[in-house]
Amino acid sequence: MQNAEKQTEKIDQPDTLAQEQDATAGSEPGAGDAVLTQQLAAAQTQIAEMQDAFLRAKADAENIRRRAQEDISKAHKFAIEGFAELLVPVRDSLEMALAIETPSVESLKEGVEMTLKQLASAFEKNKLTEVLPQTGDKLDPTRHQAVSMVPAEQEANTIVTVLQKGYMISDRLLRPALVTVAQGK
């Protein structure tokens, strides 16, 4: 609102200047110089104010940019924090299993199953899903990696065996499933 008023004043000033010059032209010879000096001083004051406003705006923009970079840096640095919190109990369980002096096979198996459940829960909460194709599924090069082709009774380019399951984080492939595929007949 104030900017619009200042612009209106600026537009009005040339007319005012011309009127003042006409009025002073008929009067004393130094009166026109006084008006010009006043206008020059006003213009210099306005320039100083604009420079100050510009420098403040520039500093604000720089501070915002710096804060944004710090936020991004912190987000990268601590992005895994939630996942790490879920993995700590898994490590604790494995360490407790190793601390037992004379474990029985049953207790070891039970402990490993419980630890696997903790790990699966951590994966699920962080949207880390398995890529586990079934025998006979078509090879999907975006999710599977064919290690070899073997003669089989199946259709060509279908999965015969899964050597290693893959993983995805949300919709992004983390590791492809390693598979063997059927050769063409």
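Structure notes:
- Think of the stretch 31-124 as having a plus end and a minus end, set by charges on the Cβ of Lys, Arg, Asp and Glu; of 64, 42, 94, 42 sits farthest toward the positive end of this dipole.
- GluC sites (Glu not before Pro) within the stretch 88-174, DSSP loop, no more than 12 other Cβ atoms inside 10 Å: 101, 153, 155
- For the stretch 28-110, alpha-carbon Rg relative to the globular expectation (2.2 N^0.38 Å, N residues): 2.98
- Ranked packing of 138-145, 168-175, most packed first, by mean Cβ within 10 Å: 138-145, 168-175
- Surface accessible to a 1.4 Å probe, per residue, for the residues of the stretch 84-185, Å²: 72 Å²
- For the stretch 36-185: rounded, prolate or oblate by the Cα gyration tensor [a/c cutoff 1.5]: oblate
- Pairs spanning more than 31 Å between alpha-carbon atoms, out of 74/125; 74/138; 74/109; 58/127: 74/138; 74/109; 58/127.
- Computed E for residue 35/residue 66 - FRET, C-beta separation, R0 35 angstrom, nearest 0.05: 0.15
- Global form of the stretch 107-185, assessed from the alpha-carbon gyration tensor, a/c cut-off 1.5: oblate
The values are calculated or read from the model by the stated rules, or taken from the named source; none is laboratory data. Everything numeric in this text was worked out from a predicted model, so none of it was measured. Note that we place each Cβ from the backbone using ideal geometry, even for glycine, and neighbour counts take in every protein chain shown. Note: accessible area is taken over every heavy atom of the protein model, side chains too, but ligands, DNA and RNA are not part of it. Shrake-Rupley method; radii C 1.70, N 1.55, O 1.52, S 1.80 Å.
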